[in-house]
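Data first, discussion second: the structure below is written as structure tokens.
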Protein chains: 2
Amino acid sequence: MPVHLTFNDIMVMGKIPRLNLINTIAGFKSANLIGTANVAGRTNLAVFSSVVHLGSKPPYLGFILRPTTVPRHTYQNIKDSKYYTINNITANIYEQAHHTSAKYNEQISEFDTCKLTPEYHQLPHAPYVAESTIKIGMEYVEEYHIKANDTILVVGKIIEIIYPDNLTAKDGKPDIEAAGTLTISGLDGYHTTQQIARLAYQRPKKLVNNKIAKT
Amino acid sequence: MPVHLTFNDIMVMGKIPRLNLINTIAGFKSANLIGTANVAGRTNLAVFSSVVHLGSKPPYLGFILRPTTVPRHTYQNIKDSKYYTINNITANIYEQAHHTSAKYNEQISEFDTCKLTPEYHQLPHAPYVAESTIKIGMEYVEEYHIKANDTILVVGKIIEIIYPDNLTAKDGKPDIEAAGTLTISGLDGYHTTQQIARLAYQRPKKLVNNKIAKT
């Protein structure tokens, strides 16, 4: 028999099993470090698994944060400087990346505590992770306060993208697997990937009387 | 030399390379089918790679949709019935899942055209995918219109979760890799995963004068 949990079952679970279940169940997540600094130049770095694609023209990405917990320094810095960076997490740095989730006070930069190297390109006050192979520079656009549970969707515009020049297929798709990008399950699982296929753009099959024609 | 693209470079790219680049660059994405029906029972199924964790207590998930393109039937049905399902995409069904992106008119159910089997549990008018190994029943809570690019964040509450009983570790984390869940890159890449580690909850290292103590 499969497990069948209802809303009420979930609400009365212990905190740790519930966090593990709900953070994991909806599938694999993007693995990124978000780099920020305040206008005085004090840097911050935090692991995020909630970066999501919003649109391609203009190029927009979103991410979710919970202002009342650890990543609040990220939020404060973005509000202060208006810029931030999104850097991929690879197998070479995932342990350091995960340690950014430890609760240091804001005087401390995770670049130091996690032994990752800040690197600057065009954006003022937005440190990239030198060890990352894919680096995306973002400008803050707007935010939405999600009333249901007091989280925030931050919407940003891509200002620059930096990645190795041997990664791009003829049709413009960068090979993020070859770049070493990991994917995250739940709060603590790091996974490599293996591509099984790229599928073609799909067009409707021929229908006869609203049924798929036999071929 | 790495590729270095600016916002202006991206804006003047051809449409297909830009779609491939921006949909891919921010990392791996969740691979799900969202099942819906209107109150008359006409079903719809669509592939989504934008499901994102919002919170665990109460359990909330979000996803992004673009009301002016294909998944509008999904949106109409959710507004109509208030319920929807999130079903994982495995290696057994990824080709059928991908075909849900073909533009059929709303008289046609992708369950038929993609040869996937609707299955019902507690939710009225919300078909699950029988072939999926992880099934999440959702109730619509609220939505946010993202002004920047006219997309919508749909916020839903988890009403039930159904998955195989041999998947859960002692700490409550379901093994979505063992469940066969794939991850998506860009618009068309399907990948299996291989876990390299589960890392412990991180606590700050001991600091001396705001530097990490040598051990």
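Selection of first residues in the stretch A:3-18 that are more than 7 Å from every other protein chain (Cβ to nearest Cβ) and over 16 Å from B:ASP165 (Cβ atoms) and of second residues that are basic (Lys, Arg) and in a strand (DSSP E or B), restricted to Cβ pairs under 9 Å at least 6 apart or on distinct chains, gives an empty result.
Listed here are the residues, each with its yes/no results for (1) hydrophobic (A, V, I, L, M, F, W, C); (2) in a loop (DSSP other than H, G, I, E, B); (3) open to solvent by 10 Å² or more (accessible area, probe 1.4 Å).
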| site | (1), (2), (3) |
| --- | --- |
| A:ALA126 | yes, yes, no |
| A:GLU131 | no, yes, yes |
| A:ILE136 | yes, no, no |
| A:ILE159 | yes, no, yes |
| A:ASP165 | no, yes, yes |
| A:GLU177 | no, yes, yes |
| A:ILE184 | yes, no, no |
| A:ILE196 | yes, no, yes |
| A:TYR201 | no, yes, yes |
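Inspection of the stretch B:86-96 identifies no residue that is charged (D, E, K, R), farther than 30 Å from A:ILE152 by Cβ and in a loop (DSSP other than H, G, I, E, B).
Of all residue pairs spaced 6 or more apart or on separate chains, those with beta-carbon atoms under 7 Å, a first member in the stretch B:83-106 that is more than 8 Å from chain A (Cβ to nearest Cβ) and over 19 Å from A:ILE196 (Cα atoms) and a second member that is modelled with pLDDT of 95 or more and open to solvent by 50 Å² or more (accessible area, probe 1.4 Å) are B:TYR83/B:GLU139. Condition test on A:ILE78, is it in a strand (DSSP E or B) and open to solvent by less than 20 Å² (accessible area, probe 1.4 Å)? No; evaluated as a whole, the condition is false for this residue.
Each row is one residue, and each column tells you yes or no for (1) closer than 16 Å to B:LEU182 by Cα; (2) in a helix (DSSP H, G or I); (3) out of contact with any strand residue (DSSP E or B) (no Cβ under 6 Å at 6 or more places or on another chain); (4) among the hydroxyl-bearing types (Ser, Thr, Tyr).
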residue: B:MET1; (1), (2), (3), (4): no, no, yes, no
residue: B:LEU33; (1), (2), (3), (4): yes, no, no, no
residue: B:ILE64; (1), (2), (3), (4): no, no, no, no
residue: B:TYR104; (1), (2), (3), (4): no, no, yes, yes
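Scanning the stretch A:1-26 for residues that are aliphatic (A, V, I, L, M) and open to solvent by less than 40 Å² (accessible area, probe 1.4 Å) yields A:VAL3, A:LEU5, A:ILE10, A:LEU21, A:ILE22, A:ILE25, A:ALA26. Look at (1) more than 21 Å from the chain's Cα centre (by Cα); (2) open to solvent by less than 30 Å² (accessible area, probe 1.4 Å) and you find that B:ILE152 fails only one, number (1). Which one is surrounded by the fewest Cβ atoms within 10 Å (Cβ to Cβ), of the residues in the stretch B:27-44 that are at pLDDT 95 or above and either at positive phi or among the hydrophobic types (A, V, I, L, M, F, W, C) (or both)? Across the stretch B:27-44, the extreme among qualifying residues is B:ALA31.
The values are calculated or read from the model by the stated rules, or taken from the named source; none is laboratory data. Keep in mind it's a predicted model, so treat the numbers as computed, not measured. Every residue, glycine among them, receives a Cβ derived from its backbone with ideal geometry; neighbour counts consider all protein chains shown. Just the protein is used for accessible areas: all its heavy atoms, side chains included, with ligands, DNA and RNA removed. Shrake-Rupley method; radii C 1.70, N 1.55, O 1.52, S 1.80 Å.
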